[in-house]
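> Before I ask anything, let me first share the structure, which is written out below as structure tokens.
The values are calculated or read from the model by the stated rules, or taken from the named source; none is laboratory data. The model shown is predicted, which means the values in this text are computed figures rather than measured ones. Methodologically, a virtual Cβ is constructed for each residue, glycine included, from the backbone with ideal geometry; neighbour enumeration extends over all protein chains shown. The area values use the complete protein model at the heavy-atom level, side chains included, leaving out ligands, DNA and RNA. Shrake-Rupley method; radii C 1.70, N 1.55, O 1.52, S 1.80 Å.
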Amino acid sequence: LLKESAAGCREEAYADEIYTHAKKLESLMEALIKMSRLEIGVFQYEKAEVWYSGIIDKVTNQARAKAKNKEISIQIDSEKDYQVNLDEKWVVEAVYNILDNAIKYSPSGTTIYIEAFSYELFSGIRIRDEGIGVTEEEIPLIFGRFYRGRNVHDVEGIGVGLFLAREIIEGNGGYIKVKSELGKGTIFEICFPNVSTL
């Protein structure tokens with residue numbers, strides 16, 4: 001209402017600023033609610049057999065506009081696909097949080113690569129970026145609640161995306177592997193037990 005009444009006036013810039021900060025506060029509140037729900041276990045995951053390709057499609061569709069704004073390309077290797085037993089809605093959110101981080105911390109003109117992969121007992125989704133990377137010592141810290149990397153304080157964020165991602169993935173019986181090289185990029189592997197091994 002304030003934005004509408006201020007349209008075309010000098011106060012419109014102030015209304016825009018209030019709206020921006022209100023949206024940030026809303027995002028923080030939503031994140032805190034999700035964190036508390038996950039930690040106290042007030043709900044059960046509703047697992048079903050799904051394909052990784054469906055998860056990748058949903059995640060990339062959510063992220064494409066943000067990537068396009070930064071002139072970042074998302075390249076999907078669709079040659080391989082595997083079935084897994086998990087709560088698709090929550091896992092899509094977890095994988096999106098990881099992809100969103102890749103977009104945030106990658107420079108314009110780079111590419112993010114996404115593919116499904118499989119080992120003997122586990123399969124998953126691999127996300128590789130060409131971003132700023134993190135040191136080996138910092139990798140265990142990036143999943144901490146409200147943790148922000150030493151070299152990312154100029155990038156908008158509140159430090160809960162990776163924490164939520166890990167909680168959701170572990171709650172679905174999976175785990176996350178990270179490899180990174182400072183200044184060259186990061187690889188996240190989101191792994192779940194193969195259906196045949198359950």
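> If the requirement is being open to solvent by less than 20 Å² (accessible area, probe 1.4 Å) and at pLDDT 95 or above, which of these qualifies: 72, 76?
Just one listed residue meets the conditions, 72.
Residue by residue, here is whether (1) within 25 Å of residue 75 (Cα to Cα); (2) open to solvent by less than 70 Å² (accessible area, probe 1.4 Å); (3) modelled with pLDDT under 90 holds:
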position	(1), (2), (3)
137	no, no, yes
147	no, yes, yes
155	yes, yes, yes
160	no, yes, yes
167	no, yes, yes
179	yes, no, no
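> Residues being more than 19 Å from residue 118 (Cα to Cα) and either in contact with a helix residue (DSSP H, G or I) (Cβ under 6 Å, 6 or more places away or on another chain) or open to solvent by 60 Å² or more (accessible area, probe 1.4 Å) (or both): count how many of those fall in the range 49-69.
Final tally of qualifying residues: 11.
> Yes or no: residue 186 modelled with pLDDT of 85 or more and either in a strand (DSSP E or B) or touching a Lys or Arg at 6+ places or on another chain (Cβ under 7 Å) (or both)?
yes
> Anything in the range 108-122 that is surrounded by fewer than 18 Cβ atoms within 10 Å (Cβ to Cβ), within 13 Å of residue 74 (Cα to Cα) and not small (Gly, Ala, Ser)? List them, or say none.
Those that are surrounded by fewer than 18 Cβ atoms within 10 Å (Cβ to Cβ), within 13 Å of residue 74 (Cα to Cα) and not small (Gly, Ala, Ser): 110, 111, 113.
> Would you check which residues across the range 159-178 are in a strand (DSSP E or B) and out of contact with any Asp or Glu (no Cβ under 8 Å at 6 or more places or on another chain) and list them?
Listed by number, the list holds a single entry, 175.
> Among the candidates 123, 108, which residue alone is in a loop (DSSP other than H, G, I, E, B) and not acidic (Asp, Glu)?
Sole residue among the options that is in a loop (DSSP other than H, G, I, E, B) and not acidic (Asp, Glu): 108.
> Follow-up. Please identify the pairs in which a residue from the range 61-84 that is in contact (Cβ under 8 Å) with a residue 60 or more places away in the chain has its Cβ atom under 8 Å from the Cβ atom of a residue that is acidic (Asp, Glu) and part of a strand (DSSP E or B), counting only partners at least 6 apart or on another chain.
Once the first residue is in contact (Cβ under 8 Å) with a residue 60 or more places away in the chain and sits in the range 61-84, its partners that are acidic (Asp, Glu) and part of a strand (DSSP E or B) give 83/49; 84/49.
> Restricting the first residue to the range 164-190 and requiring it to be under 27 Å from residue 45 (Cβ atoms), which pairs with a second residue that is assigned to a strand (DSSP E or B) and among the acidic types (Asp, Glu) meet a Cβ separation below 9 Å and a spacing of at least six or different chains?
From the range 164-190, the pairs are 175/189; 176/189; 177/189; 178/189.
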